[in-house]
Amino acid sequence: MNTAHTFWTFKRRLTTAVMATVAVGVLATGYGLISQTQGALERTAREGHERVSSMLAGEVAGALRWNKPEAIERAHGRLSGGEGAALVALLALNAAGETLYAYEGEGRTRAAQALRALTGDGVAVSVRASEGMLFTVSEPVHLKNDRVGTLAVAWDMAPVRAAVQEKVWTLALFALAVSVVAGAVVLLIVRWTHRHLGADPARLCAVIERIAGGDLSEDMDGGAPPVGVYAAVGRMQHDLRERLERERAAAMEVARVKLALDNVNANLMVADARHEIIYVNKALHRFMEKLADDIRSEHTDFRAERLVGRSVGFLHQDAAAFQRQLDAIQETLRGDVEVGGRVLRFYADAIVDESGARTGTVLSWRDLTQERGTERDVAGMVEAALAGDLGSRIPVADKEGFFRTLSDGINELVDVNERVIRDTVRVLGAVAHGDLTQTIESDYQGEFGRL
């Protein structure tokens, strides 16, 4: 991945968007500030000129009453000293409309003409007028409620406009400086963000979405070494890939083990650490189906297909005591359970993990019913034989497999012994009575033959 290219692509997009936003905001704000400042400065200037004009009118009221132009000139010089550059024309008329005092600044003929036009009709009210760079004020002058004349003043607004223009340029430069600083800050933020992200956000999001979807094949090591969040995502993908491979290998191993357990002849079940059955193999399922009717005679809710999820001690009278035995297993635990006329033997071993913690129990089951029955039958027949009764036989109808073969063999052995003894007794009895014609016609083998 070309990180430099993605950075500049990301930088251009983000910087352009932020700079455009900042520029629009600064320009809009600057324009508003300039308009407000210009209007405020001009209003302030006009208000100042009006106040000076009113003060001057108050000063010259007596001069107009008594026709003293020199007093008006002194008042003009005293009140307009600070505003000399702006006051460009002054005209004082007495009550009869006659000019008592007139002042016209150098080159200010137009201002003087504007004042004469403003006072030509002898106005008795205040008048304000703006024309170009001129601001004119005409004030009626009163003394003790009597109108004694009119005072008209012309002000040059050029200095005010110049000051406004200076403010405008100052604000424009400030806005430009703010834009430059904002651009620099944005660039620094973008570089900092990219350094910590390590890649274009769009690519980073695409990679994360693919990983979230299970696609761990993204090549994230191309080009320069990855950094920041992109590097962390790369490590996460690598770790997830390794973990997935380990889990896949473990799952295959578990599947092989389960397949092997499903196909062994041993009747196996596995319980978790809470003693709930979590697995039964096929042999155990067939085993329990065969015993289902006998088990249901004592456990009516028993179903061979519903073993998973039940307590491992469901066949025991005291399941809690059996679970305590399982918790204390140090070596193989062996025991017998009698249920429904059946004798079932179990072998239990603890399942421990690599750390030695117990995670469950594995149990195998055998049906000892035939074995125990055969033991009783053999013991009964031996006891009868020892008592001289050779007519007793082991029942074989309820036996199968090894125990059927064993029982048949023992029965045949007793049959042979009974025939040998019967034939021997018969012949010896005949000899005892002097009858030497009796013989044993059966073909006996070995010692029985010699006998």
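Report yes if GLY309 is small (Gly, Ala, Ser), crowded, with 17+ Cβ neighbours inside 10 Å and under 15 Å from ILE277 (Cα atoms), otherwise no.
Details: small (Gly, Ala, Ser): yes; crowded, with 17+ Cβ neighbours inside 10 Å: no; under 15 Å from ILE277 (Cα atoms): yes.
Taking the combined requirement at face value, the residue does not satisfy it.
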> Can we say THR170 is of a type in the set (Ser, Thr, Tyr), assigned to a helix (DSSP H, G or I) and under 26 Å from the mean Cα position of the chain (by Cα)?
Replying inline: no
> What is the residue count in the stretch 139-167 for residues that are in a helix (DSSP H, G or I), under 26 Å from ALA102 (Cβ atoms) and in contact with a helix residue (DSSP H, G or I) (Cβ under 7 Å, 6 or more places away or on another chain)?
Replying inline: 1
> In the list THR369, THR359, THR332, which residue meets the criterion of being in contact with a strand residue (DSSP E or B) (Cβ under 9 Å, 6 or more places away or on another chain) and either basic (Lys, Arg) or exposed (fewer than 11 other Cβ atoms within 10 Å of the Cβ) (or both)?
Replying inline: THR332
> Considering only residues of the stretch 154-186 that are aliphatic (A, V, I, L, M) and touching a Ser or Thr at 6+ places or on another chain (Cβ under 6 Å), which is modelled with the highest pLDDT?
Replying inline: ALA154
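Within the stretch 59-75, which residues are in contact with a helix residue (DSSP H, G or I) (Cβ under 6 Å, 6 or more places away or on another chain) and in contact (Cβ under 8 Å) with a residue 60 or more places away in the chain?
The answer is VAL60, and nothing else.
Within the stretch 398-416, can you find the residues that are loosely packed, with under 15 Cβ neighbours inside 10 Å and modelled with pLDDT of 75 or more?
So in the stretch 398-416, the residues loosely packed, with under 15 Cβ neighbours inside 10 Å come out as 398, 400-402, 405, 408-409, 412-413, 415-416.
Matches in the stretch 398-416: GLU400, GLY401, PHE402, THR405, ASP408, GLY409, GLU412, LEU413, ASP415, VAL416.
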> Residues of the stretch 431-451 being at pLDDT below 75 and either assigned to a helix (DSSP H, G or I) or in contact with a His (Cβ under 9 Å, 6 or more places away or on another chain) (or both), which ones?
Replying inline: GLY446, GLU447, PHE448, GLY449, ARG450
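Taking ASP435 as the residue in question, decide whether it is farther than 30 Å from LEU344 by Cα, acidic (Asp, Glu) and loosely packed, with under 14 Cβ neighbours inside 10 Å. Walk me through how you get there before you give the answer.
Values: farther than 30 Å from LEU344 by Cα: yes; acidic (Asp, Glu): yes; loosely packed, with under 14 Cβ neighbours inside 10 Å: yes.
Answer is yes for this residue.
If I filter the stretch 220-248 down to residues being among the acidic types (Asp, Glu) and at pLDDT 80 or above, which single residue comes out as nearest to ARG191 (Cα to Cα)? Can you show your working first?
Going through the stretch 220-248, the residues among the acidic types (Asp, Glu) turn out to be 221, 239, 242, 245, 247.
Imposing the further condition that a residue be at pLDDT 80 or above reduces the set to 239, 242, 245, 247.
Numbers: ASP239: 28, GLU242: 33, GLU245: 37, GLU247: 40 Å.
Here the answer is ASP239.
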> Which of the residues belonging to the stretch 259-315 are under 40 Å from the mean Cα position of the chain (by Cα), closer than 27 Å to ALA328 by Cβ and of a type in the set (D, E, K, R)?
Replying inline: ASP272, ARG274, GLU276, ARG310
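The values are calculated or read from the model by the stated rules, or taken from the named source; none is laboratory data. Please read these numbers as outputs of a predicted model, since none were measured by experiment. Note that each Cβ is placed from the backbone with ideal geometry, even for glycine, and that neighbours are counted across all protein chains shown.
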